[in-house]
C-alpha cells in the first residue's frame, strides 16, 4: 500500500471515534448530549413564544429582547459558580445541580404575571444553562481521548440543534391546545435527567487524580492573573463576538419569519415557521458535526475562520430573500455556518486550560461571552422596532466578521494537545 493510501486509511480509522469506547465514556457522552439538548430547549422556548407572551404581559420588542438579554447575562454567573463547583466537587455533581436549576426556572416562567417576574425566572434559567455547559464540556473533554476530542464534542454539540427544534415543536403543539404558559411547564421535564446523572455518570479519572482542589480565590487568580490570563481574554473576545452574531440572529429569526410581507418579512404562519425552524436545524446539526471533523483534521483555528467568514457572507444574503421556498433552502446554509462553530468552543477551551481550573475557565469564557452578547438581542430588538427585523438581522454579520478577525490574529492552535 502506498504511503498516501496508508495515511488515508489511518485518518479514516481515527474518524471512527466510537470504536472501542468504554461504558463511562458513553455515559458521559449521553448525559452531556441530553443535558445540552434540554437546556437549549428550555432556553429557546421563550424565543418561540415571544409574540404570545408580549401580548399577555404588554411587552414591546425592546422589552422582550431585554428579557432574553437578562437570561444570557445570567449564564455568566452560572458558568462561573457551577464551573467552580465542577472543579471543586466534581463534573457530574455540578451538572446534576445545574439541570435542576434550569428546569425549575423554566417551569416558573409559566407562572409569570408581570415582566419583572418573567425576567427573574429567566435569570434562574440562565444560571442553570450556564452551569450545565461548564460541567458537561469538562466531563466529556476529560473522558474521551485527544485525537477524537473535536469529533466527540461536535456530536455532543449537535444536541443544540435537537434542542432548538424541540423548542419549536413543543411551542407549535402546546400553544394551540393550552397556551404559552404550558409551553414553559414542559421545560420541567429535564429535571428527570438529573437523577440519571446522579446514579450512572462517573467523574473523569484526570479530575479524580488531582491532588489539590483550589479555592475560589485561587481559581480566579489562575484565571485572570496567572499564565493562563492571556488565553482567558482571547477566548472571551472571540466567543463574545461570535455569540453576538448568533444570539442577535437566532433570537429574532422566529419573529422575522412571522413578520408580514408588508412590514419587510416573509409572512410565514405558525406551521410553516415551525417547519422552517426544524429544517434549519438539519443544517445546524450538520454544521456542528462537520466542524469537529474539520477541527481534528485541519486544526481549530482554520475551521473557526472558515465558519465565521462564511456566516458573515451568508446572513446579508439571507436577509434579502423574499421567496418562502428559497428561505427554506438557504436557511440550511445560514444555520450550518452560523451555528456550527459552537462545536469548537469546548475542545479548544479544554486544551487551553489545566484540569484544576478547566471547568471554571470554560464556564467563564463561554458564558462570559454569552453574557456580554446579551446586548445583541436587545440591540437587534431595538433596530427591529425602528427599522424592521430584516435590518436588525443584517447587523449580526459584522459580529461574525469580528470573531474571524480575532481568531486569525490571536488564537493559538491546540489540535491534538493532551490535557494537563
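The set of residues from the range 378-401 being free of Cβ contacts under 8 Å to residues at least 60 places away in the same chain and buried (at least 21 other Cβ atoms within 10 Å of the Cβ) comprises just one member, 383.
With respect to residue 159, is the statement that it is within 27 Å of residue 300 (Cα to Cα), in contact with a helix residue (DSSP H, G or I) (Cβ under 7 Å, 6 or more places away or on another chain) and crowded, with 24+ Cβ neighbours inside 10 Å true? So residue 159 fails the test. When restricted to residues that are in contact (Cβ under 8 Å) with a residue 60 or more places away in the chain and within 14 Å of residue 407 (Cα to Cα), the range 296-311 contains 7. The sole residue among 341, 382 that is under 28 Å from residue 300 (Cα atoms) and in contact with a helix residue (DSSP H, G or I) (Cβ under 8 Å, 6 or more places away or on another chain) is 341.
Looking at 65, 105, 116, 110, which one is over 24 Å from residue 344 (Cβ atoms) and out of contact with any helix residue (DSSP H, G or I) (no Cβ under 9 Å at 6 or more places or on another chain)? Unique residue meeting the criteria: 116. Tell me, yes or no, whether the range 35-58 has at least one residue that is part of a helix (DSSP H, G or I), more than 23 Å from the chain's Cα centre (by Cα) and under 30 Å from residue 215 (Cβ atoms). No - not one qualifying residue is present in the range 35-58.
The single residue among 375, 365 that is surrounded by fewer than 24 Cβ atoms within 10 Å (Cβ to Cβ), touching a residue at least 60 places away in the same chain (Cβ under 8 Å) and out of contact with any strand residue (DSSP E or B) (no Cβ under 9 Å at 6 or more places or on another chain) turns out to be 375.
Within the range 148-161, track down each residue that is at pLDDT 85 or above and part of a helix (DSSP H, G or I). If the condition is that a residue be at pLDDT 85 or above and part of a helix (DSSP H, G or I), then 148, 149, 150, 151, 152, 153, 154, 155, 156, 157, 159 are the ones that fit. Of all residues assigned to the range 399-414, none qualifies as being at pLDDT below 95, part of a helix (DSSP H, G or I) and more than 24 Å from residue 292 (Cα to Cα). The single condition among (1) at pLDDT 85 or above; (2) farther than 28 Å from residue 279 by Cα that residue 173 does not meet is (2). Scanning the range 402-420 for residues that are surrounded by 20 or more Cβ atoms within 10 Å (Cβ to Cβ) and free of Cβ contacts under 8 Å to residues at least 60 places away in the same chain gives no hits. Put simply, of 125, 140 the only residue that is within 17 Å of residue 343 (Cβ to Cβ) and modelled with pLDDT of 90 or more is 140. Taking the range 165-241 and the helices (runs of 4 or more DSSP H) fully enclosed by it, the elements with 3 or more residues that are within 30 Å of residue 54 (Cβ to Cβ) are at 180-186.
Report yes if residue 336 is modelled with pLDDT under 75, over 22 Å from residue 414 (Cα atoms) and in contact with a helix residue (DSSP H, G or I) (Cβ under 9 Å, 6 or more places away or on another chain), otherwise no. For residue 336, the condition - modelled with pLDDT under 75, over 22 Å from residue 414 (Cα atoms) and in contact with a helix residue (DSSP H, G or I) (Cβ under 9 Å, 6 or more places away or on another chain) - is not met.
The values are calculated or read from the model by the stated rules, or taken from the named source; none is laboratory data. Just so we're clear, the structure is a prediction, and the values are computed from it rather than from any experiment. All Cβ positions, even for glycine, are placed from backbone atoms using ideal geometry, and neighbour counts span all protein chains on display.
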